[in-house]
Amino acid sequence: MKKSKLRWLWENMEGYRGLYILGIFGTLLYNVLQLTVPFVTQQIIDLFLSGENAASNLETKRSLFFGLIAAMVLLTLFRVTVVYLDCMIYEKVSQAALYRIRNFLYNKMQRQDMAFYSVYRTGDLMTRLTGDLDAVRHMIAWVVRTIIESFALYSATMIYFFFMNWKLALIMLMMSPIIFGIIFLFKKQVAPKHKLLREKMATLNTAAQENISGNRVVKAFAKEEHEIEKFDQCNSEYSKTNIETSFVWLRFFPFVETVANLMPVILLVIGGLFLINDQLTMGEYAAFSGLIWAIANPMRNMGNVMNEFQRFDAASAKVMELYYAEPKIVDLPGACDIEGRLKGKIEFKNVSFRYEDADIPVLHDISFTAEAGQTIAIMGETGCGKTSLINLIPRFYEPTEGEIYIDGKNIRDYKIQPLRKSIGLATQDVLLYSDTIDGNIAYGDANISADDVRKFAKYSAAEDFISKMPEGYDTIVGERGVGLSGGQKQRISLARALAIKPSILILDDTTSAVDLETEKTIQEGLRHLDFDCTKIIIAQRVSTTKNADLILVLQDGRITEAGTHEQLLSKRGYYYDVVRLQTGEEDI
Ligand code: DUT
Ligand code: MG
């Protein structure tokens, strides 16, 4: 993980490194070419304007005079061309690196564990993919370029100055350490500000994102004003931090500016003395004076460069954290593929589970067996650990103790992807994509035919309401299934789980929002599927559970009752009470 940020950037320029180096040479070149005009001007002044033989030179060396002017024009044109091509190179390389990093990050995020998503806020992840990445691009395209530019200009000019008059050049050079000292102090003060600024930006994005996706809740509670205020708070803090960050430079700016502005004054005084004492020609003085900006401007730029560099530093730390994040749940060495279909026998052996951030386990010593093709119902009050239990089967989380076997093999010994592809899961919190209903049902297997889509919709008792919609299966459902009722969404999510013809079907409260009649149709559909599968159904209704081969009652993360409907009734425990409550009968 502790790789230097610049090295990381360099690695991501793969395929474009040669071009980038060419770009850097281009920058060096066009900055050295900045000297052309002053250099030629110096020659012209000394030879043809102010030198001793100026008048006769103009007569005898006329062609040199025009040659110098032509060289000046041509070199200037050449310089402009180099600048133009150079800009294109920086743009191309930075975009290419950005493209690569962005894809890589997205890929990384897709492969993270469920636990990852409970740690990182969506707004923060979005910031990494947008604002932070932009700061990274800016580093490649602008910061590096400006540093090279300043360095090239400054050094070339200094070398030229030394050749013309080393004493005067040395005096000019002595101002530089002062600037470096100031910039160093500035860096120390501004770095933490940029880190803070980056955090504020993520907070702001999180606030906006949560509000957009949660706007229904906001409306339901009429909390618009409150949310606007909350956002305003984040916004003003972001804005305040931005201003503070800019003000840091303002504190140092006067000193840098004073030093930069002193340069022409020093030149005027000391250069003037040199001129009077004949230690400097008029042409040389003009060259010094014409190029003094090439010494002063790089100094002025340093503040800006340092600011942007610190922005890159804060942003790239965030991007790299994601770049090098590794999911904890991965294929074990030697994990095997799944040939053909799984039979679907599931065994839990003394499984306990605790969430990483929690102190106490949510599941204790869970053991049960589901034979291939059986239906297992899980019942229990809210928060007792039902969803946590089923999340262990596709390895969304790993048990802290105990093992889970499918078809007699530890699930850790299967490769994750084929394992998950064998499991059809309809989650408790239904999420549909903004796509057609057909597209949503066929999500797990894009190749299934329209007839099959219809068939699975029938199993899920969704056919009726879908065909009544204006555009049937081509109706586009909004983000998260806007435009559908809760029960309709659940049925589409069930059809989606069925459409991959899974060996194991897991339904997490999937019929909680449908009426009893529809539920009966779904039960009927599930009994007559045209493929074999083991079903694990979490449900609160006795009408769903009573036909199961095995009913598990979960209380506080422990199985307290297990058996068939009849067996559990005769136990007269929790299940018996639930049945009495739901049927309204005093005695069964
Ligand atoms: N829990 C966590 N972290 C999570 C999810 C759940 O700590 O990411 C806790 C909350 C709860 C316990 O685990 O105390 C069991 O949650 P689960 O979602 O498994 O409960 P459930 O039986 O599915 O409840 P419900 O019927 O409300 O869906
Ligand atoms: Mg649940």
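The values are calculated or read from the model by the stated rules, or taken from the named source; none is laboratory data. Computed from a predicted structure; not experimentally measured. Here the Cβ is made from the backbone with ideal geometry for all residues, glycine too, and neighbour counts use every protein chain on show. Each accessible area value is taken on the protein alone, full model and side chains, heavy atoms only, with ligands, DNA and RNA left out. Shrake-Rupley method; radii C 1.70, N 1.55, O 1.52, S 1.80 Å.
Does E524 satisfy the condition of being open to solvent by 50 Å² or more (accessible area, probe 1.4 Å) and either basic (K, R) or more than 41 Å from the chain's Cα centre (by Cα) (or both)?
Values: open to solvent by 50 Å² or more (accessible area, probe 1.4 Å): yes; either basic (K, R) or more than 41 Å from the chain's Cα centre (by Cα) (or both): yes.
Against the criterion (open to solvent by 50 Å² or more (accessible area, probe 1.4 Å) and either basic (K, R) or more than 41 Å from the chain's Cα centre (by Cα) (or both)), E524 qualifies.
For region 198-250, name all the residues that are open to solvent by 70 Å² or more (accessible area, probe 1.4 Å), touching a residue at least 12 places away in the same chain (Cβ under 8 Å) and of a type in the set (G, A, S).
Here is the first cut: in region 198-250, the residues open to solvent by 70 Å² or more (accessible area, probe 1.4 Å) are 210, 212-213, 216-217, 219-226, 228-233, 240, 243, 247, 250.
Among the residues that remain, those that are also touching a residue at least 12 places away in the same chain (Cβ under 8 Å) are: 210, 213, 230-231.
Listed by number, the list holds a single entry, S213.
Quick check on this structure: which one of Y90, Y84 is exposed (fewer than 13 other Cβ atoms within 10 Å of the Cβ) and hydroxyl-bearing (S, T, Y)? Outline the logic, then answer.
Values: Y90 fails: exposed (fewer than 13 other Cβ atoms within 10 Å of the Cβ).
Of the residues listed, the single one that is exposed (fewer than 13 other Cβ atoms within 10 Å of the Cβ) and hydroxyl-bearing (S, T, Y) is Y84.
Looking only at residues that are aliphatic (A, V, I, L, M) and out of contact with any helix residue (DSSP H, G or I) (no Cβ under 8 Å at 6 or more places or on another chain) in region 509-557, which one is farthest from ligand 2 (Cβ to nearest atom)?
Taking region 509-557 first, the residues aliphatic (A, V, I, L, M) are 513-514, 516, 522, 526, 529, 536-539, 542, 548, 550-554.
This time we only want the ones that are out of contact with any helix residue (DSSP H, G or I) (no Cβ under 8 Å at 6 or more places or on another chain), so: 550, 552.
On the way: L550: 19, L552: 14 Å.
My answer is L550.
Among the listed residues A372, A325, identify the single one that is more than 10 Å from ligand 1 (Cβ to nearest atom), of a type in the set (G, A, S) and open to solvent by 40 Å² or more (accessible area, probe 1.4 Å).
On the way: A325 fails: open to solvent by 40 Å² or more (accessible area, probe 1.4 Å).
Result: A372 is the single residue among A372, A325 that is more than 10 Å from ligand 1 (Cβ to nearest atom), of a type in the set (G, A, S) and open to solvent by 40 Å² or more (accessible area, probe 1.4 Å).
Pull up region 495-512, narrow it to residues that are among the charged types (D, E, K, R) and away from ligand 1 (no atom under 14 Å from the Cβ), then point me to the one that is farthest from the chain's Cα centre (by Cα). Break it down into steps so the answer makes sense when it comes.
From region 495-512, those among the charged types (D, E, K, R) are 496, 501, 508-509; that's our starting set.
If we keep only those that are away from ligand 1 (no atom under 14 Å from the Cβ) as well, we get 496, 501.
Numbers: R496: 28, K501: 33 Å.
Top of the filtered list is K501.
Step by step: first the residues of region 560-582, then only those that are assigned to a strand (DSSP E or B) and either within 13 Å of ligand 1 (Cβ to nearest atom) or under 15 Å from I537 (Cα atoms) (or both), then the one that is least open to solvent (accessible area, probe 1.4 Å). Which residue is that? Walk me through how you get there before you give the answer.
Keep residues of region 560-582 that are assigned to a strand (DSSP E or B), which gives 560-563.
Then keep just the ones that are either within 13 Å of ligand 1 (Cβ to nearest atom) or under 15 Å from I537 (Cα atoms) (or both); that gives 562-563.
Working: A562: 49, G563: 4 Å².
Out of the qualifying residues, it is G563.
On the given criteria, is V265 closer than 30 Å to I147 by Cβ, out of contact with any helix residue (DSSP H, G or I) (no Cβ under 7 Å at 6 or more places or on another chain), at pLDDT 90 or above and open to solvent by 20 Å² or more (accessible area, probe 1.4 Å)?
Working: closer than 30 Å to I147 by Cβ: yes; out of contact with any helix residue (DSSP H, G or I) (no Cβ under 7 Å at 6 or more places or on another chain): yes; at pLDDT 90 or above: yes; open to solvent by 20 Å² or more (accessible area, probe 1.4 Å): yes.
Against the criterion (closer than 30 Å to I147 by Cβ, out of contact with any helix residue (DSSP H, G or I) (no Cβ under 7 Å at 6 or more places or on another chain), at pLDDT 90 or above and open to solvent by 20 Å² or more (accessible area, probe 1.4 Å)), V265 qualifies.
For region 115-122, state whether one or more residues are open to solvent by 30 Å² or more (accessible area, probe 1.4 Å) and within 16 Å of ligand 2 (Cβ to nearest atom).
Within region 115-122, one or more residues are open to solvent by 30 Å² or more (accessible area, probe 1.4 Å) and within 16 Å of ligand 2 (Cβ to nearest atom).
At least 2 residues that are free of Cβ contacts under 8 Å to residues at least 12 places away in the same chain in each: list the helices (runs of 4 or more DSSP H) lying fully within region 22-113 that qualify. Give the steps one after another, and end with the answer.
Values: elements: 36-44, 54-60, 62-110.
Correct list: 54-60, 62-110.
Restricting region 1-34 to residues that are open to solvent by less than 20 Å² (accessible area, probe 1.4 Å) and among the aliphatic types (A, V, I, L, M), which is nearest to the chain's Cα centre (by Cα)?
Of everything passing the filter in region 1-34, L9 is nearest to the chain's Cα centre (by Cα).
With respect to A442, determine if the residue is away from ligand 2 (no atom under 16 Å from the Cβ), of a type in the set (G, A, S), outside the structural domain of R341 (by TED's automatic domain parsing) and within 34 Å of the chain's Cα centre (by Cα).
Yes: the conditions hold for A442.
Could you list, in sequence order, all residues of region 93-108 that are open to solvent by 80 Å² or more (accessible area, probe 1.4 Å) and hydroxyl-bearing (S, T, Y)?
Answer for region 93-108, where residues must be open to solvent by 80 Å² or more (accessible area, probe 1.4 Å) and hydroxyl-bearing (S, T, Y): Y99, Y106.
Report yes if R111 is of a type in the set (K, R) and open to solvent by 70 Å² or more (accessible area, probe 1.4 Å), otherwise no.
Numbers: of a type in the set (K, R): yes; open to solvent by 70 Å² or more (accessible area, probe 1.4 Å): yes.
Here the answer is yes, as R111 does meet what is asked.
Sort through I448, I360, I378 and tell me the only one that's within 16 Å of ligand 1 (Cβ to nearest atom), among the β-branched types (V, I, T) and closer than 23 Å to H528 by Cα. Give the steps one after another, and end with the answer.
Working: I448 fails: within 16 Å of ligand 1 (Cβ to nearest atom); I360 fails: closer than 23 Å to H528 by Cα.
Result: I378 is the single residue among I448, I360, I378 that is within 16 Å of ligand 1 (Cβ to nearest atom), among the β-branched types (V, I, T) and closer than 23 Å to H528 by Cα.
Just one of the numbered conditions (1) open to solvent by 30 Å² or more (accessible area, probe 1.4 Å); (2) within 16 Å of ligand 1 (Cβ to nearest atom); (3) within 26 Å of P502 (Cβ to Cβ) is not true of K345; which one?
It fails just one condition, (2).
So in region 381-413, with the set limited to residues that are polar (S, T, N, Q) and closer than 16 Å to K349 by Cβ, which one is farthest from ligand 1 (Cβ to nearest atom)? Spell out the reasoning first.
Filtering region 381-413 down to residues polar (S, T, N, Q) leaves 382, 387-388, 391, 400, 410.
From what is left, the residues that are closer than 16 Å to K349 by Cβ are 400, 410.
Details: T400: 13, N410: 22 Å.
For region 381-413, the residue satisfying everything is N410.
Report those helices (runs of 4 or more DSSP H) wholly inside region 158-236 carrying at least 2 residues which are of a type in the set (D, E, K, R).
Working: elements: 166-173, 176-213, 215-220.
Passing ranges, in order: 176-213, 215-220.
Within region 375-390, can you find the residues that are open to solvent by less than 60 Å² (accessible area, probe 1.4 Å), at negative phi and within 16 Å of ligand 2 (Cβ to nearest atom)? Give the steps one after another, and end with the answer.
So in region 375-390, the residues open to solvent by less than 60 Å² (accessible area, probe 1.4 Å) come out as 375-380, 384-390.
From the residues that got through so far, the ones that are at negative phi too are 375-379, 384, 386-390.
Those that are open to solvent by less than 60 Å² (accessible area, probe 1.4 Å), at negative phi and within 16 Å of ligand 2 (Cβ to nearest atom): I376, A377, I378, M379, C384, K386, T387, S388, L389, I390.
Checking the conditions here, which among Y414, Y397, Y433, Y405 is touching a helix residue (DSSP H, G or I) at 6+ places or on another chain (Cβ under 8 Å) and crowded, with 18+ Cβ neighbours inside 10 Å?
Values: Y414 fails: touching a helix residue (DSSP H, G or I) at 6+ places or on another chain (Cβ under 8 Å); Y433 fails: crowded, with 18+ Cβ neighbours inside 10 Å; Y405 fails: crowded, with 18+ Cβ neighbours inside 10 Å.
One residue alone meets the criteria, Y397.
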